[in-house]
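To start, the structure under review is shown below, and the notes come after it.
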Amino acid sequence: MHLSISNFERVIPTKPWRGITVSVVMTLVVATAAWELYCRSLAYGPSLNDTGDLWAEARRRVEPESLVIVGDSRALFDSDLDELEKGLGKRPVQLAQPGSTAFPVLSDLINDTRFHGTIICSVVPRLFFAPPGSPPMNRSEKSVRRSHTQTYAQRASHVLGIYLEKWFACMKQDDLTLGALLEKLPIPNRPYAQVPPLLPPYFASLDRERRARMVEQCAQPGKLQDRVKHRWARLFTPPPPPSFIPKDAFAEKMHAAFEARFTDTKALVDKLRARGGKIVFVRFPLSGDLKELEDRTTPRATTWDRLLKETAVPGIYFEDFPELADFTCPEWSHLSAGDSVEFTKRLVPHLRAAFGSEGDVKPVASSP
Amino acid sequence: MLFNSLTFVVFFAVVVSAYWMMRSWPARKNLLVVASYVFYGAWNPPFAALLFGTTAMDFYLGRIMGKQTQPEARKVWLVISVAVNLSMLGFFKYGNFLLENFQWVLARGGIAYQPPHLDLFLPIGISFYTFHSLSYTLDIYRGVLKPTRSLRDFVLAVSFFPQLVAGPIVRAGDFLPQLEAPPKPQQGRFFWGLLLMTLGLFEKVVLADTLLAGSADTVFAYGGSLVALDSWAGVMAFAGQIFFDFAGYSICAIGAALCLGFHLKDNFRFPYAAVGFSDFWRRWHISLSTFLRDYLYIPIGGNRAGAARAMINLMIVMFIGGLWHGAAWTFVVWGLLHGSYLALERLTKVIVGEASWTEHLPVKLLLGLGTYVAVCVAWVFFRAPDFTVAARMLSGMFGGHPQGDALLSTREILQIGIVTLGMFIVHWSLRDTSIESAVNRMPVWAVTGVWIFMAGAILLTQGNSNAFIYFQF
């Protein structure tokens, strides 16, 4: 018999609990069904969320000789996995992530000594050269970290979540959660507040292999397309330097980070090649004002051309080839679902030329 | 496994169904042991072995201690139990911290020493289960608990999954008696448990994670100086976040335990309606503050040796309390700051004596507001990654950077303001009562409406799976 310190017992409020619980469950079922119907009426459809767990699942599919796509959302939207498999003989693993820099993923793949496969790396200069601590770096690092630290419980939740996301349109985390809905409230900010721009609204669907497809509503001219364009313009406009570091010191720090990205990338490329791996850089299409903005803020000569020169990696710049330049991105940054298939079909011969045979690497773009 | 995850929903449904379908009480307890180890092992299976090892050690030490009649002999076994438990905690939680400080001390003496960095994973919830387990040998030593004869019961008392990783710190003496016989049927217990779980998840997922965490993270991660509004908003966001996060976990634990027929004590009692700091600690993380009171403050003398000695004892206890939260000097400063508050309050009471005018509501509200502000100042050290950030935050809060930056959107400031105001209203309305009494007074339609609102909001957030803050402790 234990001699207890206290014989504590909680009070249970006296209520008709069974009836209350049934009312709660029924109301929630009806409210969820109504919310789902409303979301569908707004053109939302079931789609997987691009979570760290989905990325980690894809990362686990990487075999030593895999074909892997890394980089940003342009690689995610514009690469058709079926066409790449047909053209290159291997089903690629899609590891590109929206708004992220490829570097941490490259580093993770190449520092995995078993890996000696092939990498297609998308380069959007503002993202590829993003300095440590910036949101594009953080996003990549977070996913890489998740793939290394994911617990069994997280894996199980991910699998369960997928079954719900496949059926319910209202499970779209980027747009339809309470937090996302609150962000959309039209409340003006203080004029001097440094509030970061919001990410664009829902404009894509994603499958289990992380193949993203632009939704038709965004591919057609209209309000959604305009809103997405507007967000790109804000997101790709360089923010003012922070107030707490002198301008010169900040510029020096950014320059050092920029230079370091060339040398660090070269070191990774050399390591991959020493093991027999291959890599190609790809500049995917962009259009309209965003192209003008990117060309102005991140000129080709100082970013793309130099990257190819320093690393001696073959590169495919869409503008260098008429058949690749012949596409218009409806919302300036990504191809429509249909165009992405055609674009990939046309990209394949260039990729095959870049990878060469027997491990040869032939620059196919006009390297400086 | 997190309470706010789909895995837990399935796990809990399976465990609860199987538990209530079983007729044999020993079989039910076996089920709970297995479930608790699955719950814990889902993070990192090898750490389940560590949990079992320390639990088994305390079980056998408790048994040996129970057989000793001489106080000296009992003391030896207690010292072994305390030393092994705290060494384990010290190794995993404070190993690198101690090495870094050792290096710093040597460097002051001109000795350059580069310690190896111990690449340690902190076993989740180690601070909590170490205290669960320690309470057993401490109470046997104190003569208030007889050793249990069942290893299975003790393993379950330490590892019972609702309270395993983030409390409340349930003492063996409070839990073991509940394992002697199956819970008696109690009208509404299961559904009330479900409602408490909903409330806990609402606090965690909706209030802490969705409405407050982002602002607190933004402000504390910023490298520059902030204007007073943003500094205060960030600190108030964290004050709310940590309350809703931790109290939410505790309420979930209490609710989950009730669904299985077990009764856990309150861990929070409307702390932001506290008037004074001793009142605050009677309302905040009650299971830790009573643990430290009973097993540390009173044994080292408490207030039995005069006011001066009592203040020193308070500082010692709060130093340990700070360090328990994390291996960093910022946590120590947080603890010492609270120790100073308590000492100052005690000194004021000695000088002023009992003043009846402090019982008037406006005065109480004013004193409560002062308590909240002082608690917020202490939270700065708790949340800041280092003293530079803490100093910059405090300077911003007290008008040191009128030309500083503004980071938060108007929406975020409104969210913080509305949630904080709502929190104050609820805490002050219920400060002298309990949630059960409040629900008893509510009409059925209001209880139903509140439950629907909370569950609906959780569904709308899609229950994102951020870890609870206190898991890291």
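The table below gives the values:
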item	result
Positive-end residue of B:Phe121, B:Gly110, B:Tyr40, charge dipole of segment B:6-179 with Cβ unit charges	B:Tyr40
Segment B:1-33: trypsin sites (Lys or Arg not before Pro) falling in loop per DSSP and having at most 12 other Cβ within 10 Å	B:Arg23
For chain B: rounded, prolate or oblate by the Cα gyration tensor [a/c cutoff 1.5]	rounded
Normalised contact order of chain B, rounded percent, pairs of Cα under 8 Å and 6 or more residues apart	20 percent
Spin-label pair A:Thr14/A:Tyr152, simplified geometry with 7 Å Cα→Cβ offset, distance in nm	4.6 nm
Where only alpha carbons of segment B:68-222 are counted, the Rg and the Dmax (Å)	21.6, 70
Point-charge dipole on Cβ atoms (K/R +1, D/E -1) for segment A:1-148, about Cα centre, debye to 20	520 debye
Fewest-first ranking of A:Met137, B:Met1, B:Met318, using other Cβ atoms within 10 Å as the exposure measure	A:Met137, B:Met1, B:Met318
Most mobile of A:Leu160, A:Leu347, A:Leu54 in a GNM of chain A (Cα contacts under 10 Å)	A:Leu160
Percentage relative contact order, segment B:6-179, counting C-alpha pairs under 8 Å, at least six apart	30 percent
Shape parameters for the protein assembly as shown, alpha-carbon atoms, Rg then Dmax in Å	29.7, 94
Förster-model FRET efficiency, 51 Å R0, A:Lys253 and B:Glu72, C-beta, rounded to 0.05	0.20
Unit charges on C-beta of K, R, D, E only; dipole of segment B:94-169, Debye	300 debye
Pairwise FRET efficiency - B:Ala49 versus A:Met26, Cβ, R0 = 51 Å, nearest 0.05	0.65
Relative contact order [Cα under 8 Å, 6+ residues apart], chain A, whole percent	22 percent
Amide N proximity, segment B:372-391 versus B:Trp329 label position 7 Å along Cα-to-Cβ, cut-off under 11 Å	B:387-388
Residues listed by number, segment A:201-232, amide nitrogen under 19 Å from A:Ser134 label point at 7 Å toward C-beta	A:231-232
Of the trypsin sites (Lys or Arg not before Pro) in segment B:296-347, those whose Cβ has at most 14 other Cβ within 10 Å and which sit in DSSP loop	B:Arg304
Global form of chain A, assessed from the alpha-carbon gyration tensor, a/c cut-off 1.5	prolate
FRET efficiency estimate (nearest 0.05) - Cβ-Cβ, B:Ala13 to B:Glu436, R0 25 angstrom	0.50
Rounded if a/c under 1.5, otherwise prolate or oblate - segment B:159-306, Cα gyration tensor axes	oblate
Hits among lysines - C-alpha to C-alpha of A:Lys15 under 29 Å, sequence gap 8 or more where chains match	B:Lys184, B:Lys204, B:Lys265
Computed lengthening from A:Asp320 to A:Leu182, 0.36 nm per intervening residue step minus Cα-Cα distance	45.3 nm
Virtual spin-label span in nm between B:Arg149 and A:Asn111, 7 Å along Cα→Cβ	5.7 nm
Lys/Arg +1, Asp/Glu -1 at C-beta; chain A dipole; positive extreme among A:Pro239, A:Gly277, A:Thr149	A:Thr149
Cα lying deepest toward the dipole's positive end in the protein assembly as shown, options B:Gly234, A:Ser73, B:Pro71, charges on Cβ	B:Pro71
Chain B: calculated mean residue ellipticity at 222 nm from DSSP helix runs of at least 4, using -39500 (n - 2.57)	-22000 deg cm²/dmol
Cα-based convex hull, segment A:36-123, per residue volume (Å³, whole number)	113 Å³
Estimated dipole of segment B:6-179 in Debye, rounded to 20 [Cβ of Lys and Arg +1, of Asp and Glu -1, Cα centre]	580 debye
In nm, spacing of pseudo-spin labels at A:Asn189 and B:Arg304 (7 Å Cα→C-beta vector)	6.0 nm
Ranking of A:Trp17, B:Trp20 by count of other Cβ atoms within 10 Å, fewest first	B:Trp20, A:Trp17
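All of the numbers you see were taken from the coordinates with simple rules; none came from a lab. Treat the numbers as computed from the prediction; the structure is a model and nothing was measured. Please note: Cβ atoms are built from the backbone with ideal geometry, for glycine as well, and neighbour counts cover all protein chains shown.
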